[in-house]
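Read-outs: derived from the displayed coordinates by stated rules, not from any lab. None of the values given here were measured: they were computed from a predicted structure. Here Cβ is always computed from backbone atoms with ideal geometry, including for glycine, and neighbour counts include all displayed protein chains.
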């Protein structure tokens with residue numbers, strides 16, 4: 001990517017902050033969130049996307065921001081509220097999914113700017129969980145599983161899948177700004193059209209929405225507030241495991257102040273998060289925001305940068321399975337049913353279908369985990385979600401594009 005001098009200078013300044021963070025005093029830190037038992041009780045917590053949501057804190061460029069975040073389902077509580085005993089995993093309702101701490105007004109930022117947020121430190125809570133479901137739940141077979149994890153600064157372990165230790169690779173699943181009204185309308189309209197065509201999408205819902213005055217059942221924008229499930233051009237639920245400590249994330253400012261918010265912290269995740277959840281936790285996140293004028297073009301989505309070592313798998317050795325877009329005649333992959341294609345069912349080979357290739361690679365690595373290590377299918381599926389990377393091998397060898405599923409072997413305590 002070509003960087004003009006102004007942008008390159010801003011990037012250097014942003015990354016350079018990492019080396020002086022140890023000199024920051026408590027007075028320099030803006031703390032956001034952490035009040036109440038849940039997001040609905042916290043005036044600095046939201047779970048919807050809308051430009052009318054008021055910003056709950058202000059930070060200067062370069063000033064450290066401490067986000068007290070909550071887990072994706074909002075029942076573990078913040079880090080400071082957790083004890084050695086994990087709370088019962090009740091169901092607070094899907095409307096509460098993805099509590100986000102913020103939004104924060106970044107002083108001096110204007111619509112059209114880029115905000116560069118650099119993560120300095122992530123402190124995990126004591127507990128976490130992973131649930132089965134997600135990308136290819138039909139391949140998992142009967143039964144389900146929720147794994148409850150115990151976290152340290154180094155590893156996560158669970159009695160529900162004995163014999164594995166998942167190394168700490170903490171990152172926020174959600175990093176976002178707020179769209180303006182025009183962008184909001186564009187995103188709502190295209191998602192509504194997709195829903196009417198039978199596609200999988202979560203339309204606005206007022207149930208358990210926060211802030212309630214804007215997005216709740218009696219809110220004045222209840223039919224406009226976007227759910228946080230998919231990422232969009234403003235960022236949001238990107239679930240990119242490389243957004244770790246030391247990474248800078250570049251987000252568009254659609255409105256003055258940008259409205260920066262963070263949530264959905266993961267202790268570890270494989271590329272793909274195939275069961276719909278990673279190792280879901282609450283965490284404290286420290287970072288700084290800088291404003292870039294004339295920054296990179298983010299029209300297709302956010303950018304990020306950091307040390308190349310963050311792209312490596314957390315293991316000294318691995319085993320990998322390949323997948324191609326082939327299937328049994330008469331079957332229709334679940335994610336393609338809404339297209340109602342008369343051709344798909346009869347074919348045994350779909351052209352350039354990366355989704356089907358990924359399903360096949362995932363199915364193969366789950367079978368390998370079961371056969372090699374003796375876990376049942378739900379356990380193996382969770383291992384795949386928190387540790388296996390689904391990576392594109394190639395997109396040019398028509399019709400069979402390729403995906404590989406990479407399993408780090410050091411997570412297993414014995415062969």
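Would you mind ranking 266, 68 by Cβ crowding within 10 Å, fewest neighbours first?
Ascending number of Cβ neighbours within 10 Å: 68, 266.
Defining a contact as two alpha carbons under 8 Å apart and six or more residues distant in sequence, what relative contact order in percent does the range 5-311 show?
Rounded, it is 30 percent for the range 5-311.
Order of 157, 85, 288 from fewest to most other C-beta atoms within 10 Å?
Final ranking by Cβ density, sparse to dense: 85, 157, 288.
Rounded to the nearest 500, what is the chain's calculated 222 nm mean residue ellipticity when only DSSP H runs of at least 4 contribute -39500 (n - 2.57) each, over all residues?
-5000 deg cm²/dmol
Take residue 223, project a point 7 Å from its Cα along the Cβ direction, then tell me which residues of the range 176-204 have their backbone nitrogen under 13 Å from it.
Under 13 Å, as judged by backbone N against the label point of residue 223, lie 204 of the range 176-204.
What is the Cα centroid distance between the range 66-81 and the range 227-252, reported in whole angstrom?
Going from one Cα centre to the other spans 18 Å.
Mind ordering 75-84, 99-108, 403-412 by average Cβ neighbours within 10 Å, highest first?
99-108, 403-412, 75-84
P(r) for the chain: what percent of alpha-carbon pairs falls in each 20 Å bin, starting at zero?
26, 58, 16, 0
Please work out the C-alpha center-to-center distance from the range 263-321 to the range 110-150 and express it in whole Å.
11 Å
Rounded to the nearest 0.05, what FRET efficiency do residue 60 and residue 110 have when you use their Cβ-Cβ distance and R0 = 22 Å?
0.90
Given the range 112-243 reduced to its alpha-carbon atoms as identical point scatterers, what log10 I(q)/I(0) does the Debye formula return at q = 0.15, 0.17, 0.22 Å⁻¹?
For the range 112-243, the Cα-only Debye profile gives -1.03, -1.16, -1.30.
Modelled label-to-label distance, residue 152 and residue 212, 7 Å Cα→beta-carbon offset: nm?
If labels sit at residue 152 and residue 212, their model points lie 4.2 nm apart.
Please report the projected area of the range 318-411's Cα convex hull averaged over all directions, in nm².
Computing the convex hull of the Cα atoms and averaging its projections yields 6.5 nm².
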